[in-house]
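This report refers to the structure that appears directly beneath it.
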Amino acid sequence: MFQKVKDFLKNKYFRFAVAVTIFILWVIWIGNYWLLLGLPIIFDHYITQKVNWTFWKKRGQKKSVLIEWVDAIIFAVVAATLIRMFFIEAYTIPTSSMEKSLLVGDYLFVSKVAYGPKLPNTPISFPFVHHTLPFTKYTKSFIEWPRWPYKRLKGFGHIKRNDVVVFNFPEGDTVCLQDQNSSYYTLARIYGRDYIRQNFDVIYRPVDKRENYIKRCVAIPGDTIQVIHGVLYVNGKEQEKIGKRQYNYTIKTNGSTINPLRLQEMGIAKSDVNYNPQESVYTMPLTEEMVERFKSFSNIVEITRNENLDTMVMWKLIFPHDPRFAWNEDNFGPLWIPKKGTTVKLTTENLPIYRRIIDVYENNDLKVENDTIFINGKPADSYTFKMDYYFMMGDNRHNSADSRFWGFVPEDHVVGKASFIWLSLDKERSFPANIRFNRMLKIIR
């Protein structure tokens, strides 16, 4: 009986039927029925076998060790590429912008099917790398032609408020190769475009090859947000308490130092602590729970949450980068989040908010002449959005480069939903003490 089942599973017609079923379901999911032209290849591979599609080995000959390794490598690369493209992808937390919800050194999986995987804009690229070839500084890992338009496949749901989302950096379309950690547009506003062009090599990157960022989606299309004294309000209500938000605090002691073991117990990294011994003052990011614990320390004299009160000179750094909007990271908005199909009235006063959407994200020719707005050569006093947009913020509110600095995240930049942590390593400790076992397999909320 067992042998009959085994023979049936090895039968070429059964294997052909399984392969065709999976292939057709995949084609239906993608929605490109031209791919059905690949059915003859599958038929020949399993049934007629006229063409040797596995050209690296000869039919009828026993596999050598080398050929077996080649087979295994090719299968692994193809399988891993498809899984990474359509289902799930590994991601590492590189900065502290999401602490203490996510920590530097957290390794997590990002679900592509949560919101639906998007097809790559640059389908021909080196596998398992993002935008730069391994062992090189600046060599592109992708070919810019052919370039596919934005298309997202059907997923399990849509982005909801407070989801932790991975997305392509919206201002990452233009990059200074010698300073890739800084936004080109921020550098240009501070130093001028001519200076940047003369002192840096500037390149363009398509959407899917821009740096990956991870933040919390605090507002979805149609919402209105405002930050007042560091507190976020969504549609007039304070954001619900989710994750572990933290702010920078100034802590004054009675002259004695805080025991480093206490800081370590609370998970405060050494690199996050600034200490002024002359004034017995510490500055560090803290959650509400940490603040309450510090208040119980006998040597703490005063603890104050920091707030940026400067709203006049921050416009070069804070969205929408116009001196008429006197905003900063602690006092921002109100700002409405654009929604697909919604029409807004356009004026020269509110144009800075929507300029990049109209001109860059939705690919229109936008000009302003004598206080008249022209879109694609025609005067315009309104605009209808073609995509949905989102507002992303880090839980580490005073140490996060987020939508307060560079604006909206278009729907075509969304990569996926952060699902769970599979490994976490503390950069300030050595092995094996650096393994955070309590964070492994933790669901991200």
Q) For Arg293, are the conditions met, namely being surrounded by fewer than 18 Cβ atoms within 10 Å (Cβ to Cβ) and more than 23 Å from Ser400 (Cα to Cα)? A) yes
Q: Determine, yes or no, whether Ile143 is free of Cβ contacts under 8 Å to residues at least 60 places away in the same chain, of a type outside the set (S, T, N, Q) and out of contact with any His (no Cβ under 8 Å at 6 or more places or on another chain).
A: yes
Q | Per-region count, the stretch 141-172, residues within 16 Å of Glu362 (Cα to Cα), out of contact with any Lys or Arg (no Cβ under 9 Å at 6 or more places or on another chain) and among the aromatic types (Phe, Trp, Tyr) | A | 1
Q: For the stretch 40-50, enumerate the residues that are open to solvent by less than 60 Å² (accessible area, probe 1.4 Å) and under 21 Å from Ala79 (Cβ atoms).
A: Ile42, Tyr46
**Q.** Residue identified as within 15 Å of Pro320 (Cβ to Cβ), open to solvent by 20 Å² or more (accessible area, probe 1.4 Å) and modelled with pLDDT of 95 or more among Asn363, Asn350, Asn376
**A.** Asn350
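When you go through Ile196, Ile225 one by one, which is the residue that is buried (at least 17 other Cβ atoms within 10 Å of the Cβ), touching a helix residue (DSSP H, G or I) at 6+ places or on another chain (Cβ under 7 Å) and of a type in the set (A, V, I, L, M, F, W, C)?
Result of the check over Ile196, Ile225: Ile196.
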(Q) If Lys340 satisfies all but one of (1) closer than 24 Å to Asn121 by Cβ; (2) not in a loop (DSSP other than H, G, I, E, B), what's the number of the condition it fails? (A) (2)
Q. Is it true that some residue in the stretch 266-288 is closer than 26 Å to Phe391 by Cβ, out of contact with any strand residue (DSSP E or B) (no Cβ under 6 Å at 6 or more places or on another chain) and not aliphatic (A, V, I, L, M)?
A. yes
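Each row is one residue, and each column tells you yes or no for (1) hydrophobic (A, V, I, L, M, F, W, C); (2) surrounded by 14 or more Cβ atoms within 10 Å (Cβ to Cβ).
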| site | (1), (2) |
| --- | --- |
| Ile357 | yes, yes |
| Phe385 | yes, yes |
| Trp406 | yes, yes |
| Gly416 | no, yes |
| Ile421 | yes, yes |
| Ser430 | no, no |
| Arg436 | no, yes |
| Ile444 | yes, yes |
Q) If you go through the stretch 4-16 one residue at a time, do you hit one that is modelled with pLDDT of 90 or more, closer than 30 Å to Pro149 by Cβ and surrounded by 11 or more Cβ atoms within 10 Å (Cβ to Cβ)? A) no
Q: Kindly provide the set of residues from the stretch 376-402 that are within 29 Å of Met314 (Cα to Cα), over 21 Å from the mean Cα position of the chain (by Cα) and in a strand (DSSP E or B), ordered by number.
A: Ser382, Tyr383
Q: Could you check how many residues of the stretch 173-201 are charged (D, E, K, R) and within 19 Å of Val360 (Cα to Cα)?
A: 3
Q.
Of the residues Asp395, Asp412, only one is in contact with a Gly (Cβ under 8 Å, 6 or more places away or on another chain) and either surrounded by fewer than 17 Cβ atoms within 10 Å (Cβ to Cβ) or at pLDDT 95 or above (or both); which?
A. Asp395
Q: Consider Ile190 carefully, then state whether it is in contact with a strand residue (DSSP E or B) (Cβ under 8 Å, 6 or more places away or on another chain), open to solvent by 30 Å² or more (accessible area, probe 1.4 Å), of a type in the set (A, V, I, L, M, F, W, C) and modelled with pLDDT under 95.
A: no
Q. Taking into account only those residues within the stretch 92-117 that are touching an Asp or Glu at 6+ places or on another chain (Cβ under 9 Å) and not in a loop (DSSP other than H, G, I, E, B), which is surrounded by the fewest Cβ atoms within 10 Å (Cβ to Cβ)?
A. Thr92
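The values are calculated or read from the model by the stated rules, or taken from the named source; none is laboratory data. Here the structure is a predicted model, which is why all the values come from computation and not from measurement. Ideal geometry is used to build each Cβ from the backbone, glycine not excepted, and the neighbour counts take in all protein chains shown. Side chains are part of the model used for accessible areas, which takes the heavy atoms of the whole protein and leaves out ligands, DNA and RNA. Shrake-Rupley method; radii C 1.70, N 1.55, O 1.52, S 1.80 Å.
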